[in-house]
1. If the viscosity is 1.567 mPa s and the temperature 4 °C, what Stokes-Einstein diffusion coefficient in µm²/s follows for segment 57-99 when Rh is the Kirkwood radius over Cα pairs?
2. Ignoring ligands, DNA and RNA, what percent of the 1.4 Å accessible area of segment 146-213 is carbon and sulfur?
3. At a Förster radius of 35 Å, what calculated FRET efficiency corresponds to the Cβ-Cβ distance of Asp75 and Gln225, to the nearest 0.05?
4. Can you run the Rg to Rh ratio on segment 127-264? Use alpha carbon positions and the Kirkwood inverse-distance Rh.
5. Scaled to the compact-protein estimate 2.2 N^0.38 Å, what is the alpha-carbon radius of gyration of segment 1-97, rounded to two decimal places?
6. What FRET efficiency comes out for Glu14 versus Met146 if R0 is 30 angstrom and r is the Cβ-Cβ distance? Round to the nearest 0.05.
7. Report the Cα centroid-to-centroid distance between segment 211-246 and segment 28-47 in angstrom, as an integer.
8. Based on the alpha-carbon set only, what is the convex hull volume of segment 71-209 divided per residue, in Å³?
Amino acid sequence: MEVIILKDADEVAEGGARRVCALIRQNRNAVLGLATGTTPVAMYGKLISACRIGEISFSEVTTFNLDEYLGLAPDHPQSYRSFMQRQLFEHIDIDTDNTYLPTCRAGTDPETVCRLYEEQIKSVGGIDMQILGIGSNGHIGFNEPMSSLASRTRVKTLSEHTVADNSRLFEPNEYQPSLAITMGVATIMEARRILLLATGPHKARAVREMIEGSVTSRCPASALQLHQRVTVLLDEAAGSELESQGYYKRAHEQNTELLGASNF
């Protein structure tokens, strides 16, 4: 796991976008795993800018989102499909037929949706780079604490903690789902590379448990310690509780000197 502590959230977004751009330039048919939530939005903005000036093209890229609320139609303004349209897809040259979310339409069996989503990912050869955020309780995707580290795409009940965190995105009298379909921890771990972004002091404890704690279902993100190619980009606030900050900074400096700034 490569841990990179940067000055602020803008540097985290820039570092994330640079790594995504490097992957797409190397492989124009790249398969990206995407995340919703507040943290990746700034990075998506930088990817939009890179696409608009011709630095990269998404025309042959395929994407799979981590999760989607159960019970919301794709055109519902609070669905993750709508979120991705607003924050990224509408502003880049991607073929929306190649953008996938685990959407469960009315009258569709959720278990069938989950099984087919796993099959769709396998059919394109798997995910080249999975982008992640981390919840303040250590969740990745909607894999809440105590989720099986061997889990696959499935329906998940959201914790009260996550519902409360996400309530700021809903109007006071608006329906807020408490169920979602999410990639499982094992599904996420099959990505060839993982890029996790975290910013803000409210993520510091979860970041510490993910990086320096035990591998445990109490912090699903801790499973990333077992992946061979994980890059964690943090601002100083999110990394503030790490005990080995000096080591991570020194290791990053040496890796950059050895491998070059273009390494991802």
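1. Details: Rh = 10.9 Å.
Translational diffusion coefficient: 119 µm²/s.
2. Details: 1710 of 3260 Å².
Carbon and sulfur together cover 52 percent of it.
3. Working: r = 39 Å, r/R0 = 1.11.
Efficiency at R0 = 35 Å is approximately 0.35.
4. On the way: Rg = 15.9 Å, Rh = 15.9 Å.
A ratio of 1.00.
5. Working: Rg = 13.8 Å, N = 97, 2.2 N^0.38 = 12.5 Å.
Against the empirical 2.2 N^0.38 Å value, I get 1.10 for segment 1-97.
6. Values: r = 35 Å, r/R0 = 1.16.
Given R0 = 30 Å and the Cβ-Cβ separation, E is 0.30.
7. Between the Cα centres of segment 211-246 and segment 28-47 lies a distance of 20 Å.
8. Numbers: hull volume 18.8 nm³, N = 139.
Per residue, the Cα convex hull of segment 71-209 comes to 135 Å³.
The values are calculated or read from the model by the stated rules, or taken from the named source; none is laboratory data. As the structure is a computational prediction, the values presented were derived from the model and not from experiment. As a convention, Cβ positions derive from the backbone with ideal geometry for all residues, glycine included, and neighbour counts pool all protein chains shown. In case anyone asks, the SASA skips ligands and DNA or RNA and just uses the protein heavy atoms, side chains included. Shrake-Rupley method; radii C 1.70, N 1.55, O 1.52, S 1.80 Å.
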